[in-house]
1. Only bridges whose two residues both fall in the chain count here: according to DSSP, what percent of them are antiparallel, nearest 5?
2. Could you tell me the center-to-center distance, by alpha carbons, between the stretch 196-261 and the stretch 377-444 in angstrom?
3. Sorted by packing (mean other beta-carbon atoms within 10 Å per residue), highest first, where do 110-121, 224-235 land?
4. Using amide H atoms built 1.01 Å from N in the peptide plane, name the residues 5+ places from T172, or on other chains, whose amide H lies under 5 Å from its own.
5. Using r as the Cβ-Cβ distance of S411 and D71, and R0 as 22 Å, what FRET efficiency do you calculate, to the nearest 0.05?
6. Taking the simple approach of a point 7 Å from Cα along Cα-to-Cβ for both E220 and A443, what is their distance in nm?
7. Just to check I understand the Karplus step: with θ = phi - 60° and J = 6.51 cos²θ - 1.76 cosθ + 1.60, what whole-Hz values come out for the stretch 110-117, glycine and proline as x?
8. Below 8 Å, C-alpha to C-alpha, sequence gap of six or more: please give me the relative contact order for the stretch 1-132 in percent.
Amino acid sequence: MSHPGTPENPLRVAIIGSGPAGFYAADHLVSQKTLTVAVDMFDRLPTPFGLVRGGVAPDHQKIKSVTKVYDRIAAKPGFRFFGNVNFGTDITHAELQQFYHAVIYAVGAQTDKRLDIPGEDLLGSHAATEFVGWYNGHPDYRQLSFDLSVDSVAVIGVGNVAMDVTRILARTQAELDETDIADFAQEALKHSNVKKIYVLGRRGPAQAAFTNPEIKELGEMQDADCIVDPSEVIIDEHSRAYLSSPDVDKKDIKNVDILTEYSKRGASGKTKQIIMRFLVSPVELIGTDRVEAIKVVKNELYMTDKGEIRPRATDQYETIPVQLVFRSVGYQGVPLRDVPFYEKWGIIPNDKGRVLAAQGSSEQVIGDYVAGWIKRGPSGIIGTNKPDSIETANMLLEDVAAGKHWQPTQSLVDVEALLQERNVRYVTYADWLTLDKLEQARAEGTARPRVKFTQIDEMLDALIMDEVSGD
């Protein structure tokens, strides 16, 4: 048989996961000028796009428009989508080796990091990932419920996800009416009694991870004041030195400027208050049966031997009365069946995308590659995944050129036959485009861009009904 990459013998690559990392890797592969490449993308959900659909806040429609780029990638020759297919059960690692020359894992970081403090498992304590999945209508989280009858909420963390959670809690119904928030979430938020949202960061304003647009939005809410006590934006000597150094990230300078401006505003009498706090770390969630308060320790910043500005606890404590807590201190990857995993970092061990037998090992797992958050950890924005995925795809192409790849024994047609034999109702990209149109049609007559399907059975039934009606 000819070398993989010819029209007669295309280079066959499976991609597990259909978020940005998966699509950027697919694009680089199918766009090769001197190689014929066939990419099959698998996702456990019927819908593609990963966190762009299930993680990006519903009030950030402009960010979600990146899916038009992914639509163009999916339309390229050699690309196929298999939604509603679970890697490890519906199709296994050993079976992929029968059909493909290589696989790229682009599954993201699917769970959250814990705080590991007393009271973390009390009622009213939640991972931000659960709340985000719930209001975005992710099938895994739609059955959850959150007690929004409470007065005060703590959001732990100062990254963009924490900002998203804060905004959604503080939005008015009029603002939510122009989003694609899940119906059940919008209904629950309509009856919300939340008045105070404490946003808690363990370091100072100069180290906050949120981007300028995210913090700027908090000061532009229709019915929520963003409250910053002037004492919260007093900059320590280490941060002052950083902000005036040539290595400073301009984002951090702007964040401090925005927060300083907020500190001069005070409350204007809006219904809700977003209260920004810095240099505090949670040490305990207090309550008998459910959360009643959060105990925090006040931190100070110091410079490490490596020149890093880090927080450390002082002997000062404070108790803040809250009845609902969302922790947003980072995402965490989860293991895949028959794939190496480094538990400490929550990633698949790799060297520039080449999967390694173990963290710190020099032994490459032939045919296995990784991209995105499951490769590097949960960092960066959507666009960060593009160079990351291209690097991985180039490692794969380099290895294929050197003859380091799997030797498939079955044709790509047999992939469909295998799934059909197992009664897996896989969803094609054409099916997804149908669902996309149906969701948009459900929003006709409203200001909403779409009304999402939030259950897998509901999606599959809608496709059957559409086929029957001949639309």
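Every number in this text was worked out from the coordinates using simple rules, so none of it is lab data. All values derive from a computational prediction rather than experimental measurement. Methodologically, a virtual Cβ is constructed for each residue, glycine included, from the backbone with ideal geometry; neighbour enumeration extends over all protein chains shown.
1. 35 percent
2. Here the answer is 39 Å between Cα centres.
3. Listed from highest to lowest mean packing, they are 224-235, 110-121.
4. So T172 has HN proximity to Q222, D223.
5. Using R0 = 22 Å, I get an efficiency of 0.20.
6. 1.9 nm
7. So the J values, rounded to whole Hz, are 8, 10, 10, 7, 8, 8, 6, 10.
8. Dividing the mean separation by the residue count of the stretch 1-132 yields 31 percent.
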